[in-house]
1. Just S93, S180, S103 to compare: in a GNM of the chain, with alpha carbon springs under 10 Å, which one fluctuates most?
2. To the nearest 500 deg cm²/dmol, what mean residue ellipticity at 222 nm is calculated for the chain from DSSP H runs of n ≥ 4 alone, each contributing -39,500 (n - 2.57), summed and divided by the residues?
3. As I understand it, the value is the acute angle between the Cα axis of helix 2-38 and the longest principal axis of the Cα atoms of the chain; what does it come to in degrees, rounded to 10?
4. So if R0 is 30 Å, what FRET efficiency would E153 and N204 give, r being the distance between their Cβ atoms, rounded to the nearest 0.05?
5. If you take every DSSP beta bridge whose two residues both sit in the chain, what share of them, in percent to the nearest 5, is antiparallel?
6. Work out the length of the dipole vector of region 22-209 about its Cα centre, built from +1 on the beta-carbon of each Lys and Arg and -1 on the beta-carbon of each Asp and Glu, and round it to the nearest 20 debye.
7. List the lysines whose alpha-carbon lies under 28 Å from that of K189, not counting same-chain residues fewer than 8 positions away?
8. Considering only DSSP states other than H, G, I, E and B, which trypsin sites (Lys or Arg not before Pro) in region 103-207 qualify as loop sites with at most 13 other Cβ atoms within 10 Å?
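What follows is calculated from the coordinates using simple rules that are stated; it is not laboratory data. Note that the structure is a prediction, hence the values are computed from the model and not measured. Every residue, glycine as well, gets a Cβ built from its backbone with ideal geometry; the counts of neighbours run over all protein chains shown.
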Amino acid sequence: MKRLILLLILHSSLFTLHLASAQDAMKVLDIAAERIRQAGNVKIEYHASIFAGTTERASATGTMWLQGSKLKLDADGVTTWYDGKTRWCYVPSSNEVSIDEPSRKEMAAMNPYTFMEIYKKGFKMSVKESVLRGDPVYEVYLKAKYAKMDVKEVYVDIRKSDYQPLCIRVRESNDWQRVSITNFTGDVKLGDTFFTFPEKDYPNVLVNDMR
C-alpha cells in the first residue's frame with residue numbers, strides 16, 4: 001500500500017511538472033508573439049536550410065519584410081512580392097515574373113513567423129533553458145497532437161533578454177526546415193506599394209500569369 005501511494009504521489013508530481021512546463025512554454029510564446037505584433041512592419045535577415053536527417057539538402061540567405069499577411073522576400077537573387085492575395089516571383093536570370101494567387105498554406109511555408117498563429121491549437125509543448133550563439137534562450141518544443149496535422153514538430157529558440165526568436169526549426173514530413181534569424185528590425189517604414197510588383201521598374205520582363 002505504501003508503495004502504491006508513493007507511485008501515485010510521484011505520478012501526480014510528474015503530471016504537475018509537465019503541466020507547469022506547458023504553461024511556461026505558452027507564456028513564452030505569447031510574450032514573443034505580442035512583441036512581434038507590437039514591432040509593426042518588420043525586416044528580417046535570415047539563413048534558411050532544409051535537412052534530410054542531418055544532411056543539408058539546400059540553403060538560402062535572404063531578407064524578408066512583413067506587414068500583417070503581406071510579404072516581400074529577397075533570397076539568393078530571386079524577389080517575391082505578396083500583397084495578401086497575389087504573389088509575384090521575379091527571377092533575374094530569365095528576366096521572368098510569375099504571377100499566381102497562392103493558398104494560405106503555401107504562403108505559410110515561406111514565413112518563419114507562421115508558428116505565431118498556430119501554436120495555440122493542436123500542440124503539446126514544453127520549454128527549457130539553453131544557450132544559442134552565446135545568448136541565453138528559452139527553447140520551446142511543440143509536438144503535434146494529431147497525425148493528420150501538416151506540422152509535426154517545431155523548436156523555437158527565443159532570446160531571454162527581449163523574447164526575440166533566434167532560430168525556428170520545423171518538421172512537416174521527414175525533412176526539417178531551419179531558419180536562423182540574424183537580424184530583426186521593427187517599425188520599418190514601408191510605402192503603400194511595397195508589397196506589389198513594380199512593373200515600371202521591369203519594362204521588358206516576361207510575364208507568366210498563372211492566375
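1. Checking each option, the largest mean-square fluctuation is seen for S93.
2. Values: 3 runs with 46 residues, N = 211.
Dividing the helical sum by the residues of the chain leaves -7000 deg cm²/dmol.
3. Once rounded, the angle reads 20 degrees.
4. Details: r = 45 Å, r/R0 = 1.52.
Efficiency, from the Cβ-Cβ distance: 0.10.
5. Numbers: 69 of 73 bridges.
About 95 percent, rounded to the nearest 5.
6. Result for region 22-209 is approximately 800 debye, rounded to the nearest 20.
7. K43, K70, K72, K85, K105, K160, K200
8. Numbers: sites: R104, K105, K120, K121, K124, K128, R133, K143, K145, K148, K152, R159, K160, R169, R171, R178, K189, K200; in loops: K120, K121, R133, K145, K148, K152, K160, K189.
When the trypsin sites (Lys or Arg not before Pro) of region 103-207 are filtered for loop state and at most 13 Cβ neighbours within 10 Å, K120, K121, R133, K145, K148, K189 remain.
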